[in-house]
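Asker: Below is one structure. I have some questions about it.
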Amino acid sequence: MSSDGEGATAGLETPPPSAPRPAGARGGTLSLFASELLTLFRRRRTWALLGALALIPILIAVAIRIAGDAPSGRGPAFLGQITENGLFVGVTAMVVAMPLFLPLTIGVVAGDTIAGEASHGTLRYLLIAPAGRVRLLVVKYGATAVFCAAATLTVVVVGSLIGWALFPVGPVTLLSGATVSVGEGLLRFLSIAAYVTVSLLGMSAIGLFLSTLTTVPVGAMAATAILAVVSQIMGALPQLEWLHPWLFTQYWLGFADLLREPPVWDSFVDNAVLQAGYVVAFGALAVSRMLTKDVLS
Amino acid sequence: MTGGSSDGAEVGDRGDRRDLAIETHGLTKRFRSQLAVDGVDLAVPRGAVFGFLGPNGSGKTTTIRMLLGLVTASAGGARVLGTDMPRHVDSVLPRVGALVEGPAFSPYLSGVSNLRRFDAADRHAPRRTRAARVDEALDRVGLSHAGGKKVHAYSLGMKQRLGIANALLMRRELLVLDEPTNGLDPQGTREVRSLIRSLADDGTTVFVSSHLLAEVEQVCSHVGVMSAGRLVAQGTLAEFRDGGEARVLVRTPDGAGARRVLQGLGMHVDDDPDRAAVEHTVAARVGPSEIAPEAVVAALVAGGVRVRGFEVERASLEQRFVELTGEGFDVVQ
């Protein structure tokens, strides 16, 4: 990282006070990002959230194993396929988790980013380290994005594993009727996890912005989760159809298109563009708020 | 000794700007209707141990937050280590260690993890030496044994030590310590004092805010006093003490005669009949007469007063502080 690394321990004792310091910015930011991830994933709350998400596919699989198949046409999408192919547990759980449970966990992590530091008073110490206001924001957002991926992977991976354990597993019959191998089926499910992760990025940016506004993390968390619910309600009202293309929840359940043969990527692309728009807009709001904010906590 | 905020242009003229570790001009912060800091002109020489005094709510912490770029000034400006703040915050702050308004840590992380985290936030701090520097800083504040414990299990004093360790992770040119001995036992207070002395001996400028005057008196070379958002006095400790009026104490059985003579010299004699009668002591403030002590004795003797004892009393830091900031809970708001 720096040329004086060799003698740095000894140099700690006696560098001249005004010695120029090494300025390797990129390694430093990676180091901060690693430290942020370590902090996030060393926190018990993070594991509690992921554990709660893992419970969804487990509950679904165990319930079906005990009670048997539901009458066809009832229950969430893909529920009927589970008894034939256990790999569908993950997708079914994703359909169940998407409207409320996933947004709730993301709301907790995104809403906590800056407000949580402010409430502990650690924001001032990070800033005088100095972390750099924008740099800290970017690192916090990056860690939230990693959590989004961890959350969706938890649902899909735990779902596939528990399905494997409790039900027969075989070649995957897609929505279009075609059948693909187990390996390709698993790839499709992983691409669903990627789709959902992207779906949550816009919401994470909203949470990040709300988190810069307050020193009460619960406020930012609740506001973020509530916005996700409100957006879905508006998405369900036909009277607001003109608004639908702009809602960040609009393509949330569009991942079924990845289970066609060949896979239809249109909604993936539309979704990614929409989410990128939200990331840019709320990212800019968060940056401008962060740069002008008086840190009094 | 500068008279604080009224004569603002003075700081720049006091000598070479590079000799100042902290320098502010008309630094002001207004929160909505309240003026928290009002035209402060600080001048902290390099190498000084500067005691930043003031009652609670006098604007000390807000001033410190502005110096560290946490809060934007409403008016005026600050230079820290010769560089404009907050414009060059990224190049100045790596050279500054600080404890601001009490220590703060993530309670679910250990002391070591917390320090490593803050160190990782400083992009100038070499990663290779991080573990060693964290250990050394913990050792310096006597926390080596507790480094692996989660911070929520720390006592207030331990958190305070950890906060000081955080300020010492790198070699700093300037340390800003806001109430560093808060929550420490007498033993810990002594340790912090000797730590400040040893840092100052190494050439580090130390800016300590405190309301514990005795503590400041023991370690500081300079003081500044805040009251109601204004800097009402600053200078070296000696200048500051001399700023107070001297008092003379005369021990004599001839109380009435002594009072007459002292009043004749233009001094303000304390009206304290008990003291005169019981202790045979008459006290007087020198007042505007600025008369030399030996002249006072000569005048007393010439006036036929039997002088058994004579003492010149300098104002203590506490007296000066109270003179400047008001008595008891009656502090200026």
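Asker: How many of the residues making up the range B:114-160 are away from chain A (no Cβ under 11 Å), part of a loop (DSSP other than H, G, I, E, B) and among the aliphatic types (A, V, I, L, M)?
Answerer: Residues meeting the conditions: 2.
Asker: Take B:A167 and tell me if it is assigned by TED's automatic domain parsing to the domain that holds B:D185 and either out of contact with any helix residue (DSSP H, G or I) (no Cβ under 7 Å at 6 or more places or on another chain) or among the aromatic types (F, W, Y) (or both).
Answerer: yes
Asker: Suppose we keep only residues that are buried (at least 19 other Cβ atoms within 10 Å of the Cβ) and in contact with a Lys or Arg (Cβ under 8 Å, 6 or more places away or on another chain) within the range B:74-94. Which one would you say is nearest to A:P130 (Cα to Cα)?
Answerer: The residue in question is B:P94.
Asker: A:S191: away from every other protein chain (no Cβ under 14 Å), touching a helix residue (DSSP H, G or I) at 6+ places or on another chain (Cβ under 8 Å), surrounded by 24 or more Cβ atoms within 10 Å (Cβ to Cβ) and polar (S, T, N, Q), yes or no?
Answerer: no
Asker: May I pose another question? Kindly indicate whether B:H88 is over 20 Å from B:R161 (Cα atoms), more than 10 Å from chain A (Cβ to nearest Cβ) and under 22 Å from the mean Cα position of the chain (by Cα).
Answerer: no
Asker: B:R140 - would you say it is in the same structural domain as B:V208 (by TED's automatic domain parsing) and surrounded by 21 or more Cβ atoms within 10 Å (Cβ to Cβ)?
Answerer: Answer is no for this residue.
Asker: Could you look through the range A:112-124, keep only residues that are farther than 15 Å from A:T39 by Cα and either more than 7 Å from chain B (Cβ to nearest Cβ) or not basic (K, R) (or both), and pick out the one that is farthest from the chain's Cα centre (by Cα)?
Answerer: A:G121
Asker: If you don't mind, another one. Can you say whether A:G235 is outside any loop (DSSP other than H, G, I, E, B), surrounded by fewer than 17 Cβ atoms within 10 Å (Cβ to Cβ) and away from chain B (no Cβ under 14 Å), as far as the supplied structure shows?
Answerer: Working: outside any loop (DSSP other than H, G, I, E, B): yes; surrounded by fewer than 17 Cβ atoms within 10 Å (Cβ to Cβ): no; away from chain B (no Cβ under 14 Å): yes.
Taking the combined requirement at face value, the residue does not satisfy it.
Asker: Now for a different question. Answer yes if at least one residue in the range B:51-73 is over 23 Å from B:L317 (Cβ atoms), at pLDDT below 90, crowded, with 20+ Cβ neighbours inside 10 Å and within 12 Å of chain A (Cβ to nearest Cβ), and no otherwise. Full working, then the answer.
Answerer: Residues of the range B:51-73 that are over 23 Å from B:L317 (Cβ atoms), as a first pass: B:62, B:65-73.
Subset that is at pLDDT below 90: none.
The answer is no; no qualifying residue exists.
Asker: Within the range B:179-194, can one find any residue that is part of a strand (DSSP E or B) and among the hydroxyl-bearing types (S, T, Y)? Explain how you work it out, then say what you get.
Answerer: Let us first name the residues in the range B:179-194 that are part of a strand (DSSP E or B), namely none.
There is no residue in the range B:179-194 that is part of a strand (DSSP E or B) and among the hydroxyl-bearing types (S, T, Y).
Asker: Return yes when B:L81 is of a type in the set (A, V, I, L, M, F, W, C), in contact with a strand residue (DSSP E or B) (Cβ under 8 Å, 6 or more places away or on another chain) and at positive phi and no when it is not.
Answerer: It is true that B:L81 is of a type in the set (A, V, I, L, M, F, W, C), in contact with a strand residue (DSSP E or B) (Cβ under 8 Å, 6 or more places away or on another chain) and at positive phi.
Asker: Continuing with this model, one more query. Could you please find all residues in the range A:124-138 being touching a residue at least 40 places away in the same chain (Cβ under 8 Å) and buried (at least 24 other Cβ atoms within 10 Å of the Cβ)?
Answerer: A:A131
Asker: I'd like the residue in the range B:95-113 that is free of Cβ contacts under 8 Å to residues at least 60 places away in the same chain and within 8 Å of chain A (Cβ to nearest Cβ) and, out of all such residues, is surrounded by the fewest Cβ atoms within 10 Å (Cβ to Cβ).
Answerer: B:P107
Asker: Hey, another quick one. Any residue at all in the range A:163-184 that's surrounded by fewer than 20 Cβ atoms within 10 Å (Cβ to Cβ), on the phi < 0 side of the Ramachandran plot and either aromatic (F, W, Y) or modelled with pLDDT of 95 or more (or both)?
Answerer: Of the range A:163-184, the ones surrounded by fewer than 20 Cβ atoms within 10 Å (Cβ to Cβ) are A:164-166, A:168-171, A:173-184.
Retained after the next criterion (residues that are on the phi < 0 side of the Ramachandran plot): A:164-166, A:168-171, A:173-176, A:178-184.
Next, from what is left, pick out any that are either aromatic (F, W, Y) or modelled with pLDDT of 95 or more (or both): A:164.
Checked the range A:163-184: at least one residue is surrounded by fewer than 20 Cβ atoms within 10 Å (Cβ to Cβ), on the phi < 0 side of the Ramachandran plot and either aromatic (F, W, Y) or modelled with pLDDT of 95 or more (or both).
Asker: For residues that are of a type outside the set (A, V, I, L, M) and crowded, with 20+ Cβ neighbours inside 10 Å, scanning just the range B:231-251, find the one that is modelled with the highest pLDDT. First the steps, then the outcome.
Answerer: To start, the set of residues in the range B:231-251 that are of a type outside the set (A, V, I, L, M) comprises B:234-236, B:239-245, B:247, B:251.
Okay, now just the ones that are also crowded, with 20+ Cβ neighbours inside 10 Å, so B:234, B:240.
Working: B:Q234: 90, B:F240: 80.
Among those that are of a type outside the set (A, V, I, L, M) and crowded, with 20+ Cβ neighbours inside 10 Å, it is B:Q234.
Asker: Considering every residue within the range B:178-200, establish whether at least one is within 14 Å of another protein chain (Cβ to nearest Cβ), more than 18 Å from the chain's Cα centre (by Cα) and surrounded by 15 or more Cβ atoms within 10 Å (Cβ to Cβ).
Answerer: The answer is no; no qualifying residue exists.
Asker: Follow-up question, since we're still on this one. How many residues does the range B:215-230 contain that are touching a strand residue (DSSP E or B) at 6+ places or on another chain (Cβ under 7 Å), buried (at least 16 other Cβ atoms within 10 Å of the Cβ) and not aliphatic (A, V, I, L, M)?
Answerer: 5
Asker: Exactly one of (1) under 17 Å from B:L70 (Cβ atoms); (2) touching a Phe, Trp or Tyr at 6+ places or on another chain (Cβ under 7 Å); (3) not acidic (D, E) is unmet by B:G97. Its number?
Answerer: Every condition holds for B:G97 apart from (2).
The values are calculated or read from the model by the stated rules, or taken from the named source; none is laboratory data. These numbers come from a predicted model, not from an experiment. With ideal geometry, Cβ positions are generated from the backbone for all residues, glycine too; neighbour counts draw on all protein chains shown.
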